[in-house]
Amino acid sequence: MKKLLFRKTKTILLLLFALAGLNLFGQPAPWFTKDKFGLFLHWGLYSQTAGDWNGHPTKGGEHFMLYERIPVKTYAKIADQFNPTAFDADRWVQMAHDAGMKYIVITAKHHDGFSMYNSAVSDYNIVRRTPWAKDPMLALAAACKKYGLKLCFYYSLGRDWADPDVPTNWPTKAGRSNTWDYPDEDAKDLNKYVENKVKPQLRELLTQYGPIGIIWFDTPELITKKQSQEIRDLIHSIQPQCIINSRIGNGLGDYAVVEQTLVSTARKDWEACITMSENWGYNRHDQNWKSPELLVRNLIEVVSKGGNLLLNVGPKGDGTWPVESQENLQAIGAWMKVNGEALYGTTVWNGNKEVAAAQAAKKESEKDKASMKDAVNDATPKEIVSDYRFTQKGDVVYLFVRSPASKAIAIPELAKDKLVISSISLLGSPSKVKWTQGQDTLALVLPTVKDPSIPIYVYKIEPK
């Protein structure tokens with residue numbers, strides 16, 4: 001009896017040890033909460049049209065198939081011109097790596113139903129339908145392994161305009177369905193789509209490209225709880241360590257997604273996805289590019305509140321990236337080389353769980369309440385104000401002074417009665433920092449020479 005009990009106990013312990021590194025019980029894996037910064041890539045047939053259709057600018061960005069009500073057979077002809085001979089997976093991943101990004105999420109299948117990889121489930125894919133006839137995911141997997149980034153796949157779950165069995169209910173019944181090719185909404189059998197396309201394609205994505213960090217679902221729409229659970233079980237039966245975002249639906253994701261906006265208070269296990277300009281996919285008419293300063297502010301804002309930032313690039317149809325996105329990433333990368341330690345592996349500062357922004361007159365509104373967004377919907381703040389944020393790593397506190405408008409700053413959150421400071425250093429500078437800590441505030445003298453591109457300074461504060 002004792003031997004049997006010992007064996008059972010040993011088996012349970014071994015199982016617990018085996019599962020210790022996995023993302024169980026709806027929690028993201030440790031790498032996700034440490035890495036903080038990823039690259040989103042929206043690349044598909046919509047990249048080839050670049051914001052135009054039939055001689056006029058399209059509506060709805062990369063969703064223009066829906067807005068223009070284009071039949072599948074007509075939309076599919078775009079593939080005849082899709083020939084990204086300038087695609088360079090090594091260069092793509094290197095640019096992400098040099099920008100300080102730790103993972104890449106790329107559109108394996110967007111709402112148009114076209115697969116950007118070699119899928120045996122449907123010949124409606126980049127290998128079978130384009131003159132290029134290559135699988136970019138194979139090259140990206142190799143490049144991610146080379147540079148140490150995690151490869152992750154975006155997959156449109158509850159929308160697929162090429163499939164006849166996908167009903168939708170947002171914002172109203174059939175609101176995002178292909179009703180011009182498949183008008184009978186009530187005849188659509190969502191389970192056929194899930195069984196015949198979703199599950200087999202997920203199996204392909206999880207077996208053809210090595211370890212996958214995240215399956216990043218979009219728009220669950222009418223996916224049932226049973227279907228969400230079966231999909232989650234399928235993913236983990238193939239790759240137990242793969243994490244899943246909240247858009248698998250029905251509360252079964254490992255972390256929450258906030259799209260094209262920021263949040264006002266700290267929270268656990270979340271990711272903000274935002275664009276560098278207005279659109280997700282490449283659009284030649286989109287010239288509203290965010291500056292490196294604004295993008296770094298967004299990154300700090302997200303990380304200081306416990307989240308990750310997934311920053312989007314929309315490659316062109318030829319496989320190159322817009323010059324503006326490359327320049328932004330280069331500037332961000334230079335800043336990250338100096339200041340990255342204040343972001344990677346950090347947590348929300350224990351001294352102030354809320355936003356610490358005494359100088360800011362306005363709070364950014366939290367506009368994404370788990371609702372779905374559609375096409376062009378950028379609601380991120382564009383105003384640049386002088387303020388500050390915090391992160392923490394162990395006992396060390398990092399202070400981000402953003403876009404300062406004066407030569408000195410007072411920070412009441414770091415008064416002596418709240419934290420007794422031993423030393424303060426400015427990351428990237430050998431110069432001694434001038435500071436005075438009183439009972440009511442910390443007085444800090446700022447650098448006399450400002451970075452013209454990204455005037456955001458990071459102080460490392462060691463407590464006694």
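The values are calculated or read from the model by the stated rules, or taken from the named source; none is laboratory data. Everything quoted here is computed from the prediction, not taken from an experiment. FYI the Cβ positions are ideal-geometry reconstructions off the backbone, even for glycines, and counts take in every protein chain you see. Please note that ligands, DNA and RNA were not included when accessible areas were found on the heavy atoms of the full protein model with its side chains. Shrake-Rupley method; radii C 1.70, N 1.55, O 1.52, S 1.80 Å.
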- Message: Give me the percent of accessible area attributable to carbon and sulfur for the chain, probe 1.4 angstrom.
- Response: 53 percent
- Relative contact order [Cα under 8 Å, 6+ residues apart], the stretch 31-347, whole percent: 25 percent
- Run through every distinct alpha carbon pair of the chain and return the Kirkwood hydrodynamic radius in angstroms, one decimal place. 23.7 Å
- Message: At most 14 other C-beta atoms within 10 Å and a DSSP loop state: those are the exposed GluC sites (Glu not before Pro) I care about. Give me the longest piece of the chain that has none.
- Response: 1-353
- Task: Please give the net charge around Lys192, taking every other residue with its beta carbon less than 12 angstrom from that of Lys192, where Lys and Arg add +1 and Asp and Glu add -1.
- Result: -2
- Would you check the accessible area of Ile223, probe 1.4 Å, heavy atoms only, in square angstrom rounded to 10? 10 Å²
- Note on the structure: Sparse-neighbourhood loop hits (trypsin sites (Lys or Arg not before Pro), the stretch 170-226; DSSP loop; Cβ within 10 Å at most 12 others) -> Lys173
- Hey, what's the chain come to in accessible area per residue, 1.4 Å probe, Å²? 43 Å²
- Whole-Hz ³J(HN,Hα) from phi, Karplus 6.51 cos²θ - 1.76 cosθ + 1.60, for the stretch 436-451, glycine and proline x: 9, 10, x, 5, 10, 6, 10, 9, 10, 8, 8, x, 7, 9, 9, 6
- Determine the relative contact order of the stretch 386-463: mean sequence separation of Cα pairs under 8 Å and six or more apart, normalised by residue count, in whole percent. 41 percent
- First select every other residue whose beta carbon is under 15 angstrom from the beta carbon of Ser429; then total the charges, Lys and Arg +1, Asp and Glu -1. +3
- Query: Which trypsin sites (Lys or Arg not before Pro) from the stretch 24-120 combine a DSSP loop assignment with at most 14 other Cβ atoms within 10 Å?
  - Reply: Lys59, Arg69
- Message: Taking loop as defined by DSSP and a crowding limit of 11 other beta carbons within 10 Å, which trypsin sites (Lys or Arg not before Pro) in the stretch 372-406 fit?
- Response: Lys382
- What is the stretch 59-200's relative contact order, in percent, from Cα pairs under 8 angstrom and six or more apart in sequence? 24 percent
